[in-house]
Amino acid sequence: IDRMASALGVPRSVREVAAVIYRRALDTDLIRGRSIEGVATSALYIACRQEGIPRSLEEVSSVARVERREIGRTYRYIAHELGLDMPPVDPKQYLPRFCSELDLSEDVQQRAATIIERTTAEGLHSGKSPTGFAAAAIYTAALLCNEKRTQREIAKVAQVTEVTIRNRYREQLEVVGVDFDELVSHR
């Protein structure tokens, strides 16, 4: 847990919460039939979510020695068995970190937050990856604020595909009421 938390750059409080979750899983015999690394990684992912430190499954699996699929499966099992309340991840949590890594202004971040709020109110976020949703909002906001970044640059930072950004941002534009052709012509 310490090795992975260090690689992810999460605070000590998250490590401590992850250790508690891991010990609870161990005490209730939830490890049987699962790898220690998978349970430890899942505990860290749960701790990140509970402590409001946005790290995606992809990010966590990139520092783990187990597959993303195993982490996802184990995390859902442990959360269910321990009765942990796991609210959906808010895409807005990713905005500060992504915008900072992309060297984008506060205006872009605020506009992206507004886009997420409006599209979430319309139910567009449901069932979508929060990182992909945030990435698309950043792309749209950057275009609207004339601080253009390529889909590739944003996709790399958010660890999503360019196709995800394209699909989400067109949906978001529709809800926000910006004409796609008009936006493209401003480029």
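The values are calculated or read from the model by the stated rules, or taken from the named source; none is laboratory data. Being a predicted model, the structure only gives us computed values, none of them experimental. Don't worry about glycine lacking a Cβ; one is built from the backbone with ideal geometry, like all the others, and counts go over all protein chains shown. Side chains are part of the model used for accessible areas, which takes the heavy atoms of the whole protein and leaves out ligands, DNA and RNA. Shrake-Rupley method; radii C 1.70, N 1.55, O 1.52, S 1.80 Å.
Which one of S56, G123, I21 has its Cα pushed farthest toward the positive end of the charge dipole of the chain, where Lys and Arg give +1 and Asp and Glu give -1 at the Cβ? Comparing the listed Cα positions along the dipole, I21 ranks first. Under a plain spin-label model, where a point goes 7 Å from the Cα along Cα-to-Cβ, how far apart in nm are M86 and E153? Result for the modelled spin labels: 3.4 nm.
Give the accessible surface of the chain per residue, rounded to a whole number of Å², with probe radius 1.4 Å and ligands, DNA and RNA excluded.
On the way: 9710 Å² over 187 residues.
For the chain, the solvent-accessible area averages 52 Å² per residue.
Does a label point 7 Å from the Cα of R32, set along Cα-to-beta-carbon, have any residues of the stretch 59-99 with amide nitrogen under 18 Å, and which are they? Zone members listed by number: 74, 77-83. Give me the lysines in straight-line cross-link reach of K148: C-alpha distance below 22 Å, same-chain residues under 8 apart excluded. Reachable lysines: K92, K156.
Of the GluC sites (Glu not before Pro) in the stretch 53-85, the ones in a loop by DSSP (not H, G, I, E or B) with at most 14 other beta carbons within 10 Å are E67. Averaging the Cα positions of each part gives two centres, and for the stretch 4-46 and the stretch 51-116 these lie 16 Å apart.
Can you put R170, R65 in order of accessible area, largest first, using a 1.4 Å probe? List each step's numbers first, then the result.
On the way: R170 120, R65 170 Å².
From most exposed to least exposed: R65, R170.
Counting protein heavy atoms only, the stretch 1-82 has 46 percent of its accessible area on carbon and sulfur, 1.4 angstrom probe. Go ahead and run the numbers for FRET between R23 and Q110, Cβ-Cβ distance against an R0 of 45 Å, rounding to 0.05. With a Förster radius of 45 Å, E is 0.65.
I'd like the carbon and sulfur percentage of the solvent accessible area for the stretch 91-185, probe radius 1.4 Å, heavy atoms only, ligands and nucleic acids excluded.
Values: 2030 of 4710 Å².
For the stretch 91-185, the apolar C and S fraction of the accessible surface comes to 43 percent.
About its Cα centre, the chain has a charge dipole of approximately 580 debye under the convention of +1 per Lys or Arg Cβ and -1 per Asp or Glu Cβ, with nothing else charged. Gain on full extension, evaluated as 0.36 nm per residue between Y77 and R12 minus their Cα-Cα distance, stands at 20.9 nm.
Hey, what number do you get for the chain at 222 nm if only DSSP H runs of n ≥ 4 count, each worth -39500 (n - 2.57), divided across all residues, to the nearest 500? Don't jump to the answer; show the numbers that get you there.
Numbers: 11 runs with 126 residues, N = 187.
My calculation for the chain gives -20500 deg cm²/dmol from helical runs alone.
Taking only C-alpha pairs under 8 Å that are 6+ residues apart, what is the relative contact order of the chain in percent? Mind showing how you got there, number by number?
Numbers: 218 pairs, mean separation 30.0, N = 187.
With pairs under 8 Å counted, the relative contact order is 16 percent.
With contacts taken as Cα pairs under 8 Å and at least 6 residues apart, the stretch 1-82 reaches a relative contact order of 34 percent.
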